[in-house]
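Take a look at the structure set out below.
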Amino acid sequence: MQLDYKSISFNTEWILSGSDSIIYKESINSTLNIALDKKYQINDARKVVITDNQISGKGTHGKQWISTPYKDLTFSLILGKDNRFGQKLIDECCLAMIHILSLYGIEGKVKYPNDIYVNNKKIIGMLLSNIQTSGLENIIYQALSIGMNVNSIIDIKTIDKEAKVSSTSMFLELRKEVNREELLKLIIENIDSVIQKLTHQ
């Protein structure tokens, strides 16, 4: 079922609040492509780019993040140019995601530098990306991407024979579907708290 993004209203401070902070694309190669686009970085900083069908999701070291259309969460946060975020952002977001999983009764563990595992199976991946403008500007734009296996039932090893680890999802762990709208709101509001803490230090 298509994400009911119009029903989601973020209660946030750093990330834009309300329902107008979501840039939704039903199907796209990668949310990161939009999030790192200079036009979006300038005009839509602090917004969330999300899709129901990410065709060529980007993972660590150039690997592909595979998700099930209309079942999982794949999104990118446009961070803009005003802060130079690093691994600390990923570390804190990993802890926030483990907290969120615990609210659903799922015990997650961080696999450094940017993944969350449940029972030795990957459930969440994160990626902090930069793009630097050329010429006199020399500006660095950033985006944070997250892929989360929510209601999918496929192990990545059945799709990618070269995958070194198995994957799981909230559905496989809980044996019931999770409301993606409620989960997304929870994730974004927790990430907002992380960014507020980092930008106020």
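The values are calculated or read from the model by the stated rules, or taken from the named source; none is laboratory data. What you are looking at is a predicted structure, and each value in this text was computed from that prediction instead of being measured. Backbone-built Cβ (ideal geometry, glycine too); neighbour counts: all protein chains shown.
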Checking MET1 against (1) more than 16 Å from LEU144 (Cα to Cα); (2) surrounded by 14 or more Cβ atoms within 10 Å (Cβ to Cβ); (3) at pLDDT below 95, which test does it fail? (2)
In the range 1-27, how many are acidic (Asp, Glu) and at positive phi? 0
Could you identify the single residue in ILE139, ILE188 that is at pLDDT 95 or above and in contact with a strand residue (DSSP E or B) (Cβ under 9 Å, 6 or more places away or on another chain)? ILE188
Between a residue in the range 1-15 that is in contact (Cβ under 8 Å) with a residue 24 or more places away in the chain and any residue that is assigned to a loop (DSSP other than H, G, I, E, B) and among the basic types (Lys, Arg), which pairs come within a Cβ distance under 8 Å, given they are 6 or more apart or on different chains? TRP14/ARG46; ILE15/ARG46; ILE15/LYS47
Tell me the residue from ILE78, ILE23 that is under 14 Å from the mean Cα position of the chain (by Cα), surrounded by fewer than 21 Cβ atoms within 10 Å (Cβ to Cβ) and at pLDDT 95 or above, please. ILE23
With the first residue restricted to the range 92-107 and required to be without any contact (Cβ under 8 Å) to a residue 60 or more places away in the chain, and the second required to be surrounded by fewer than 17 Cβ atoms within 10 Å (Cβ to Cβ) and outside any helix (DSSP H, G or I), Cβ contacts under 6 Å at 6 or more apart or on different chains are CYS94/VAL110
